[in-house]
Amino acid sequence: DSLTLPTNRLVHFDVSDNIISGQVPIFQSPLIQVVNLSRNNLTGIISDEIGGTGGGGEENSSLRVFDLKYNRVSGTIPKSFGDISTNLMELDLSNNKLVGTIPETLGNLLKMEGLFLSNNKLHGSIPLQLLHGDMEQLKQIFVHGNLLSGTVPIGLADLPNLTNLFIDDN
């Protein structure tokens, strides 16, 4: 049971650094650009509906930042994050209790500049879909403190703007 917030005019939603508990809310707004839920006590899973495709895929088309770091969210990263917004520039799910693999669909986020998934319990390897030439905006990848395995993908060298890569402690 997740909370859906119909926010027709909301552009920026920031409730960071509180003691908010409960489920991760779902935002449905074509105008929302920033959702900051960081540093709270949110629990449960991230709903598959987070991608905003429930009503035609336009719900979160302006979203640029989704920040959920430092909560107690569990479960897997929904594949629907790859459809959340073509404008998403920053996704921060670090310091939670997430498990599973990094979804290949994150490679759809062509304007992504920062991907922060550190200090969870993610396993597998860094998806090759994140390393294709169309991800030219990607500047930061933080996946340290997980359970990742395999070799470091050679495609990282092809990301022209990558300045920070943290894959230690895996």
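Which of the residues spanning segment 132-146 are buried (at least 20 other Cβ atoms within 10 Å of the Cβ) and closer than 11 Å to LEU156 by Cα?
Answer for segment 132-146, where residues must be buried (at least 20 other Cβ atoms within 10 Å of the Cβ) and closer than 11 Å to LEU156 by Cα: MET135, LEU138, ILE141.
I'm checking my understanding of the structure. Among residues of segment 71-85 that are in contact with a helix residue (DSSP H, G or I) (Cβ under 9 Å, 6 or more places away or on another chain) and open to solvent by 30 Å² or more (accessible area, probe 1.4 Å), which one is nearest to GLN23 (Cα to Cα)?
LYS79
Say we look at segment 81-96 and pick out the residues that are within 11 Å of MET112 (Cβ to Cβ) and among the hydroxyl-bearing types (Ser, Thr, Tyr); which of these is modelled with the highest pLDDT?
Taking the candidates together, the pick is THR86.
Taking into account only those residues within segment 86-117 that are more than 11 Å from the chain's Cα centre (by Cα) and part of a loop (DSSP other than H, G, I, E, B), which is surrounded by the most Cβ atoms within 10 Å (Cβ to Cβ)?
ASN96
Among the residues of segment 151-170 satisfying the criterion of being part of a helix (DSSP H, G or I) and of a type outside the set (Gly, Ala, Ser), which is least open to solvent (accessible area, probe 1.4 Å)?
The extreme case among them is LEU156.
Could you grab me the full set of residues in segment 6-44 that are of a type in the set (Gly, Ala, Ser), without any contact (Cβ under 8 Å) to a residue 24 or more places away in the chain and open to solvent by less than 80 Å² (accessible area, probe 1.4 Å)?
The answer is GLY22, and nothing else.
Would you mind finding the one in ILE77, ILE126, ILE102, ILE154 that is in contact (Cβ under 8 Å) with a residue 40 or more places away in the chain, over 27 Å from GLN33 (Cβ atoms) and of a type outside the set (Phe, Trp, Tyr)?
Working: ILE77 fails: over 27 Å from GLN33 (Cβ atoms); ILE102 fails: over 27 Å from GLN33 (Cβ atoms); ILE154 fails: in contact (Cβ under 8 Å) with a residue 40 or more places away in the chain.
Sole residue among the options that is in contact (Cβ under 8 Å) with a residue 40 or more places away in the chain, over 27 Å from GLN33 (Cβ atoms) and of a type outside the set (Phe, Trp, Tyr): ILE126.
The values are calculated or read from the model by the stated rules, or taken from the named source; none is laboratory data. Keep in mind the model is a prediction, meaning the values are calculated, not measured. As a convention, Cβ positions derive from the backbone with ideal geometry for all residues, glycine included, and neighbour counts pool all protein chains shown. Heads up: the accessible areas ignore ligands, DNA and RNA and are worked out on the full protein's heavy atoms, side chains in. Shrake-Rupley method; radii C 1.70, N 1.55, O 1.52, S 1.80 Å.
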